[in-house]
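The values are calculated or read from the model by the stated rules, or taken from the named source; none is laboratory data. Since this is a predicted model, take the numbers as computed values, not measurements. So basically every Cβ, Gly included, is an ideal-geometry build from the backbone, and we count neighbours across all protein chains shown. What goes into the accessible areas is simple: the full protein's heavy atoms, side chains included, and nothing from ligands, DNA or RNA. Shrake-Rupley method; radii C 1.70, N 1.55, O 1.52, S 1.80 Å.
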Amino acid sequence: VGPALLRIDLRIDLPHFDVIKAMPIRGRQLLLGEVLATTLFLWAIQLALLAAGLLLTPSFGSHELSGAQRWAMFVGGGLLLGAFDFAITTIQNALTLWFPGFMRVGRAAARGGVDQMGQNLIGSFINVFGYAAILAIPGALGFLAGYLIGPWAGLGPAVLTGGLLTSTGLVLEGALVMIAVERRYDRFDLTSEHLASE
């Protein structure tokens, strides 16, 4: 849920979009910078937690973890976490441009009440289904590759291969979303968008 909760990107900056639009930066560059602000911060925290978890875990199931296996799991898992953060944050920022009122930017973010709880619940369901849809194809390919490689190459290479394939698919999905939303960025007019209800 980190990419949905941490909003140091377009979801915070959108109310100042007229200032952002005045900067001499292409839409794709600005969107990439906004997405990476959240992605890199989250990824650093996740890598630290992953490293601590692997150092404190003596075995994985019936497998005793060697130093090489821990390193392969750290690299494979780290790539997967970073790519997942990138894809989800890209989609969250794309939704901010397409549906700014639903994302509760500006004054709407502080609004409370029962209707806000319902909107949060709907947003959570949308996020969960979105995560599942995004991860389905790259995750299935990565799992299949790791499953096929595992019996003859070992646990470390299986995790590394699966993480690499899955992360590549997630980054490609995020990049496609970013390219698709660039036209919306170019046409976005802050004065005509409904950002919040009074």
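What the Cβ-Cβ distance of D186 and I45 gives, at R0 = 35 Å and to the nearest 0.05, is a FRET efficiency of 0.60. In this simple spin-label model, placing a label point 7 Å from the Cα along the Cα-to-Cβ direction at both L141 and L176 gives a separation of 0.9 nm.
If you plug the beta carbon distance of A132 and A22 into 1/(1 + (r/R0)^6) with R0 = 41 Å, you get a FRET efficiency near 0.60. Highest mean packing first, where packing is the average number of other Cβ atoms within 10 Å per residue, the peptides 163-169, 53-59 line up as 163-169, 53-59. Tell me, what is the FRET efficiency for A52 and W152 to the nearest 0.05, using R0 = 30 angstrom and their Cβ-Cβ distance as r? Given R0 = 30 Å and the Cβ-Cβ separation, E is 0.45. Normalised per residue, the accessible area of the chain is 56 Å², obtained with a 1.4 Å probe and no contribution from ligands, DNA or RNA.
With all protein chains in place and a 1.4 Å probe, the accessible surface of region 49-100 carries 78 percent carbon and sulfur.
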